[in-house]
Amino acid sequence: MSPENGPKSPSERIVGLDALRGVAILGILVINIWVFSMPEETLSNPTIYGDFSGMNYWAWFVGHVFAQQKFLTLFTMLFGGGVVLFTRHGTKRGRSAVGLFVRRSGWLVLFGLAHAYLLWYGDILFAYGVCAFGVVLLRDLPARTLTLFGVLLVAVPSSVEFFTGLTTHPAMIADVWRPAESAVRAEVETYRSGWLEQMSHRAPAAFQRQTSGFLGYTAWRVSGSMLLGMALFKWGVLSNDRSATFYRRLVVIGAVSGLAAILTGVWYIQANDWGAEAALFWRQFNYWGSFPLAGAYIGMVMLYCRWRPDGVLTRALTAVGRTAFSNYILQTVLATSIFYGHGLGLFGHVTRVEAFGIVVAIWAIQIPLSVLWLRYFRFGPMEWLWRVLTYGQRQPLRIDRVDD
């Protein structure tokens, strides 16, 4: 196979970008574990199920403040940066950049559908694939214009939710904010059952996320975040091309402003005793605070990669980032095998502290496995399959394989 017709080789990759992707995919599990192990509604209102006192409260607090929406936002922005990187690469290799990207995104949509309906309704791949069809058309816009469009898109669901809170009686929100105990218990029993029985919740939950949830919330935030990532890539922020002073300022300003907003939100909802009348308003604090805090994480990772470019941690994070697709699916496989009835059946049984311990255990599998895998193979297994389908040609997988 001619190199002009193939994907970017590992030696051409940007270390900082891959390390960031590794941080993001590992961090996403901190929050996804809540939905893997407990009823879906606990993601919005953690008081509806499980112990919420003592160390379990602090486990939630740390996850909410430092992880919830931050790593997903970071991962989405990195995907946006990847749009620019991929299309630039496609043009250089003499292929139709848009044509390749559309094909690539179409396969991602199909992967997402399979992931959502066969394994876990919380899939993000479907949304990424669909949104990618639109954002790729804006790839040539200046970074400032991408930023403006990105902020406007991100503001849409926030504005709708805010005005809904102003105009809707709390009683109309209460059923969603605090669902009936019978409904919560039914979900617990469903996921303690076998794989086929789980479809009664998984299929409608996935369908809702991919239809009304997508149109009302996800499409706007995901597309806007991708555009912001495209702008950051063009500015050299995601490729570690800015000065150390820039990244230090990004860390300080992002952390201070982001944490101030997020902590204010925690104070607000607790001051209102987790009531439905405050439900839609308190989410805005974390919704917006996640962006500057994600920026702080970008600054920290970039500074660390400069300080220890060949360090053990940098190489480990880079390995996870280079196999992010495979690791995302692996997280689902491991977590559902632990919590769902076709596995150990621990759904609803573990505390928040214990769930975080399981996160660490999964990390302990994923990190060394990623490093070991890339000693022998060029790409993760899912990355390889995705590339084969995208380019319509078999791609070399083993490192010792000689290109034709």
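The values are calculated or read from the model by the stated rules, or taken from the named source; none is laboratory data. Quick caveat: nothing in here was measured; it's all calculated off a predicted structure. Backbone-built Cβ (ideal geometry, glycine too); neighbour counts: all protein chains shown.
Output the residue which, of all residues in region 25-68 that are surrounded by fewer than 16 Cβ atoms within 10 Å (Cβ to Cβ) and touching a Ser or Thr at 6+ places or on another chain (Cβ under 9 Å), is nearest to Phe356 (Cα to Cα). Here the answer is Met55.
Could you please let me know if Gly112 is assigned to a helix (DSSP H, G or I) and either in contact with an Asp or Glu (Cβ under 7 Å, 6 or more places away or on another chain) or charged (D, E, K, R) (or both)? Yes, satisfied.
On the given criteria, is Gly321 assigned to a helix (DSSP H, G or I) and at negative phi? Yes; evaluated as a whole, the condition is true for this residue. When region 1-56 is filtered for residues that are at pLDDT 95 or above, among the small types (Gly, Ala, Ser) and either outside any loop (DSSP other than H, G, I, E, B) or touching a strand residue (DSSP E or B) at 6+ places or on another chain (Cβ under 6 Å) (or both), the ones remaining, listed by number, are Ala19, Gly22, Ala24, Gly27, Ser37, Gly54.
Contact map, region 164-188: first residue closer than 21 Å to Gly213 by Cβ and modelled with pLDDT under 85, second residue outside any helix (DSSP H, G or I) and of a type in the set (A, V, I, L, M, F, W, C), Cβ cut-off under 7 Å, separation 6 or more or different chains; the map is empty.
Results for (1) within 23 Å of Phe285 (Cα to Cα); (2) among the β-branched types (Val, Ile, Thr), shown as yes or no for each residue.
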{"residue": "Val160", "(1), (2)": "yes, yes"}
{"residue": "Thr167", "(1), (2)": "yes, yes"}
{"residue": "Ala174", "(1), (2)": "yes, no"}
{"residue": "Ala180", "(1), (2)": "no, no"}
{"residue": "Ser225", "(1), (2)": "yes, no"}
{"residue": "Phe233", "(1), (2)": "no, no"}
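Picking from residues in region 280-305 that are over 28 Å from Phe377 (Cβ atoms) and over 21 Å from the mean Cα position of the chain (by Cα), the one that is modelled with the highest pLDDT is Leu303. One residue is enough: does region 189-206 have a residue meeting the conditions of a type outside the set (Gly, Ala, Ser), crowded, with 19+ Cβ neighbours inside 10 Å and within 24 Å of Phe101 (Cα to Cα)? No, region 189-206 has no match at all.
Whenever a residue of region 236-263 is more than 23 Å from Gly80 (Cα to Cα), its partners that are aliphatic (A, V, I, L, M) and surrounded by 14 or more Cβ atoms within 10 Å (Cβ to Cβ), lying with C-beta atoms within less than 6 angstrom and at least six residues away or across chains, give the pairs Ile262/Val65.
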